[in-house]
Structure formats: C-alpha cells, structure tokens
Amino acid sequence: MNVRPEMGLTFDDVLLVPKHSSIRSRSAVDTSAWLAPGIKLHIPVVAANMDTVTETRMAIAMAQQGGIGILHRFMTVSRQVECVRKVKRAENLVVKDPIMISDQATLFEARVRMADYDVSGLLVVDDDKRLVGILTSRDLLLTSDSEKVSVKSVMTPRERMIVASADETVESARERLHAQRIEKLPLVDENDHVVGLITAQDIIKVQEHPDATKDGEGRLRVGVAIGVRSDDLQRAAACVEAGADVLVVDIAHGHSDHTLGMVEKLKQRFPNVPVIAGNVAAAQGVEDLASAGADAVKVGVGAGSICITRVVTGFGVPQLTAIAECAEVGRRLGVPIIADGGIRTSGDLTKAVAAGASTVMLGSLLAGTDESPGASVVRQGRRFKVVRGMASLTANVDRRRIDRNDSIADEEWNEVVPEGVEAMVPYRGAVSDILYQMVGGLRSGMSYAGACSVEELWDKAEFIRITPAGMHESGAHDVNLV
Ligand code: XMP
C-alpha cells in the first residue's frame, strides 16, 4: 500500500500563531488579491458556480463588493449569455448600447422589454434608429389597455429632451442631470443616432461601490463556468462575445485529459481571456494544468459543504493540506490558487489564504442570501434557502432535462450516482453583510499575523496543529449562549 507519510490537515486541525504586529487598525491591511493574471479583486472572495449560488444578481453584488461571481453552466448558452450581458450592463458610467424600442411599438411591448432587461426607461427610435423620444416607467403608470396604446403617444418627445454628444464627460453629465432634474442623459451623434446613455442611477452606484471589480470600460466583471464537451467551446465563445471576463473550466476531477485538452483549446482560441481550471487537490494537478495554459487553478476535491465525493469514491485531500501543497507550486509558477469548498467562517477564510490561496470560493455560505437564485422558505418559524451540490441527484436530473430540452424517463433517476446532496441553509440577508463579516475577520486575522497584504500573510503565517480539545476551546464554551 502506497501511503503518504504526512497527515492531511483541514481547517479545524490547525490554528494560526499570533505574531508581532505593527498594524494599528484593521483598515490598514490590504485584502486585494489576484484572481488570475489581469484580474485583481479588492476582496479575495469568489461566488461559486452553483445553480443555487451564482446567477445575475449574485454576480452583480459580488463584483460591486470587490469580489467576483462565476455564473454556473447548468443553463442554456443563451441564458448564460443573457446573464453575462445583464452583469456587464448593471453598472456602467456610459452605457454603450442602451435598450431602445421602436416608436411603432405598443406600451405592452415596452413593459416586456423593460422587465426583460430590468431597466426603468427606454430610448425610443424611428426606423432609421434616430432618437425620437424617451419612455420611462413613470410614463407607464396607470395606463390601461397597453396593447393598444403606442409608445409614441405617451413618450417624452425628442424636442423636450436634454441630450449630449458622445464626448460628454461624467462630471458634466452629473451637472446636467442635476440642473435639469432628469435621470437619463442620452448621447447622440450629429444625425441623432444614439451612441450612449448616462444615467443618474449609474453615477450613484459607482459612488456607492468604490471598490467594485471592473473591466477597462468601467463595467462590472463576471466569470462563466464551462464544461469540457466540444459544444462548450461555443458556450465559451458566446460568453466571451457578451463580455465575460474569465472562463472557468469546472470539472469535479480537473486533473484529467479532457480538462487539460479544453484548457489548451481555450487558450489557443481566446489568448487574451484568463482561464481558470480545476478542481485539483495535489501539486501535480497544478503543474499539469499550468503547463496546459491555465492562468489560475481551483483547488478542492470533496471539501464542499454539499459534497459527498469522498464518501462515494473514497478520494479527496483534506482541504488545508491541498491548498498548501498546490499553492507551493502555484507560487513558483505564478499561478494563483483559488481555495474552493469547506469554508464556514472568516477564520477558515483566513486559514485558506494563509496556507497560500490567493482567493477563496464560497458556495453554501452565500446560498442563503437575498442575491442567490430561488426563494426562501419558512420551516418551523425559521427562514431557509436551498443549496444543492452540482453533482446531486436533482441537479443531475435537471441538467439532463436542460440538455435535451425535454423531460427524462423515471428509470433515469436510478442511473445517477450522486456525489452531492440537496440541503437547506439559514436565510442570511444581503450578501454585502456576509462579505463584510467575512472580510472583517480576514482583516483582523491579517493584523494578528502582522501582515499588511495577502502576500505578506503567506510569508508570515505559522500554523500550529491542535487537538479536538484545542478546537473545543476555540469556540464559545462552558457558558449558556443567549
Ligand atoms: P462550500 O463548502 O462553499 O463548497 O459550499 C462549494 C464548492 O463545492 C463544490 N461542489 C461539489 N462538490 N459534489 C462535490 O463533490 C457536488 O455535488 C458539488 N457541488 C459543488 C464546488 O467546488 C463548489 O464551489
């Protein structure tokens, strides 16, 4: 039997030893880290590509807070593309392609369009795409029989609108919007063709989220998960075209020929788009994925809260050892490591980063928030949300349904060998509140280590192994909690 001499450790097996610190305030530490070369996050947190965690709302919220969300792949390509578009459109100093509607359309069509794109106003254009008016949700209030009423009859016409040219600065736009008490400023060329839009909402949002994760055009960043089938190349192409900032090849056993092959193909086809690959749990996996071209590697096999891979297959590496081993290689090769799975507290987050991860991926911790997909349910007076492993029974069945765009036969349920479970997590409110607590804990942790930056934390961290008694001592104990 081939047995490694060293023991595999995870979060509860260790603590970090406090070190001399010159840090006076938690706000003095810099939590920024590289997700992948070219993409720096203000906070080292990534929302997992799970269908109970990251769709449009989560991706927007994560990027606004300085992290990033990875859109899951268990949806049609067109839906994933739509999610990418919505994130890219969510916070934009200048909207380059504002949502428009023809002046021939009905108010009913306008309502549908506003709901589809989640916008409060539409620019109205004629057949030559020239601006002829603006329609806002206020114009739609109390209108009846909206299938018969035309947009033209209720819009604010062009002659009563304030517009600006393409070279309008944000500062001047802000003044204009304020002076005229208007919310939207369309940008037009000399022929009245629409070339952009600046909205008061966007200016406010930008001020509210100074640390947001943004691309070169000031749009929020977003990642997309893809698989390794041949049609996943088309998925990747469509998402990149829509503005996706990073591709995540996400396979349970990422140290495999098909993942390596996919990474190579993606790097050939999209040399300028960072590719993250995973999941792996040992050094050789990082080595091989990096050789194939991966820009960052996701680490964690069976560590997730909803994973039963280790029980079903017998495979996995305790997460802290996996992170430390992979990070050693990652650091040597300049490949950031994303610690994926098993993080329950800010202490776990700090340990993951201290062990060498650049960022951490969170699943069930974020699944209970307002921004995760799905509604909350009340059980015995308490509010919960559902989280499920992407290899769980129902996720597997739903995936087959989506692939075929059809129902599946009853006997197919038995063909699934699940490696994940469905569960409920407590409802936790806004994702910004969770992140505040998580990152607050990391900041404190960094000050205990005397580390001003993530890189310094890697260098200064010293772990000590603890016994179950040490673990018991670490939580609240021997008191009655109120
Ligand atoms: P947490 O602990 O944050 O973990 O909820 C999230 C990570 O778990 C992984 N994941 C799975 N692993 N079976 C598994 O073995 C599954 O069904 C499954 N679904 C998600 C994934 O890496 C995620 O980011």
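Whether a residue is open to solvent by 30 Å² or more (accessible area, probe 1.4 Å) and aliphatic (A, V, I, L, M) was assessed, and Ile323 does not pass this test. Applying the condition of being more than 18 Å from Ile338 (Cβ to Cβ) and in contact (Cβ under 8 Å) with a residue 24 or more places away in the chain to region 269-290 and asking which residue is least open to solvent (accessible area, probe 1.4 Å) yields Phe270.
Go through Asp167, Asp215, Asp192 for me and flag whichever is over 30 Å from Thr31 (Cα atoms) and in contact (Cβ under 8 Å) with a residue 24 or more places away in the chain. The match here is Asp192.
Screening Gly316, Gly285, Gly278, Gly347 for residues that are within 15 Å of the ligand (Cβ to nearest atom) and part of a loop (DSSP other than H, G, I, E, B) leaves exactly one candidate, Gly316.
Considering only residues that are touching a residue at least 40 places away in the same chain (Cβ under 8 Å) and part of a helix (DSSP H, G or I), look in region 4-57 and name the one that is nearest to Val81 (Cα to Cα). Among them, the one singled out is Arg57. For region 381-424, the tally of residues that are at pLDDT below 85 and within 9 Å of the ligand (Cβ to nearest atom) stands at 0. Of all residues in region 90-123, those satisfying the criterion of being within 12 Å of Ile198 (Cα to Cα) and of a type in the set (D, E, K, R) are Glu91, Lys96, Asp97. For region 433-453, a residue qualifies if it is under 19 Å from the mean Cα position of the chain (by Cα) and open to solvent by less than 40 Å² (accessible area, probe 1.4 Å), and the qualifying residues are Ile434, Leu435, Met438, Val439. For region 99-115, taking the residues that are farther than 20 Å from Glu183 by Cα and of a type in the set (D, E, K, R), the one that is least open to solvent (accessible area, probe 1.4 Å) is identified as Asp103. The one condition from (1) buried (at least 16 other Cβ atoms within 10 Å of the Cβ); (2) more than 25 Å from Cys307 (Cα to Cα) that Asn480 does not meet is (1).
Here Leu187 clears all of (1) aliphatic (A, V, I, L, M); (2) over 30 Å from Asp403 (Cα atoms); (3) surrounded by fewer than 20 Cβ atoms within 10 Å (Cβ to Cβ) except the condition numbered (3). For region 350-367, which positions are within 11 Å of the ligand (Cβ to nearest atom) and farther than 19 Å from Ala277 by Cα? Matches in region 350-367: Ser364, Leu365, Leu366, Ala367. Selection of region 66-85 for residues being more than 16 Å from the ligand (Cβ to nearest atom), more than 23 Å from Val299 (Cβ to Cβ) and not in a helix (DSSP H, G or I) yields only Thr76. Looking only at region 255-268, residues that are open to solvent by 30 Å² or more (accessible area, probe 1.4 Å) and either within 16 Å of the ligand (Cβ to nearest atom) or in contact with a helix residue (DSSP H, G or I) (Cβ under 9 Å, 6 or more places away or on another chain) (or both) come to 5 in all.
Among the residues making up region 291-307, those that are outside any strand (DSSP E or B), away from the ligand (no atom under 13 Å from the Cβ) and crowded, with 24+ Cβ neighbours inside 10 Å are Ala294, Asp295.
Note on region 149-177: among residues that are part of a helix (DSSP H, G or I) and of a type in the set (A, V, I, L, M), the one that is surrounded by the fewest Cβ atoms within 10 Å (Cβ to Cβ) is Val170. Every condition in (1) under 14 Å from the mean Cα position of the chain (by Cα); (2) within 15 Å of the ligand (Cβ to nearest atom); (3) surrounded by fewer than 21 Cβ atoms within 10 Å (Cβ to Cβ) holds for Arg57 except the one numbered (2).
Of the residues making up region 16-36, those that are surrounded by fewer than 18 Cβ atoms within 10 Å (Cβ to Cβ) and touching a Lys or Arg at 6+ places or on another chain (Cβ under 8 Å) are Lys19, Arg26, Ser27, Ser32. Scanning region 122-139 for residues that are at pLDDT below 90 and either in a loop (DSSP other than H, G, I, E, B) or buried (at least 21 other Cβ atoms within 10 Å of the Cβ) (or both) gives Asp127, Asp128, Lys129.
What do you reckon, is Val246 under 14 Å from the mean Cα position of the chain (by Cα), over 19 Å from Asn279 (Cβ atoms) and either open to solvent by 40 Å² or more (accessible area, probe 1.4 Å) or touching a residue at least 12 places away in the same chain (Cβ under 8 Å) (or both)? When the stated conditions are applied, Val246 does not pass them. Apart from one condition, Tyr427 fits all of (1) open to solvent by less than 10 Å² (accessible area, probe 1.4 Å); (2) touching a Lys or Arg at 6+ places or on another chain (Cβ under 6 Å); (3) more than 11 Å from the ligand (Cβ to nearest atom); the exception is (1).
The values are calculated or read from the model by the stated rules, or taken from the named source; none is laboratory data. Every value quoted in this text rests on a predicted model; they were computed, and no experiment measured them. Reconstructed Cβ throughout: ideal geometry from the backbone, glycine too, with neighbour counts over all protein chains shown. For accessibility, only protein heavy atoms count, side chains too; no ligands or nucleic acids. Shrake-Rupley method; radii C 1.70, N 1.55, O 1.52, S 1.80 Å.
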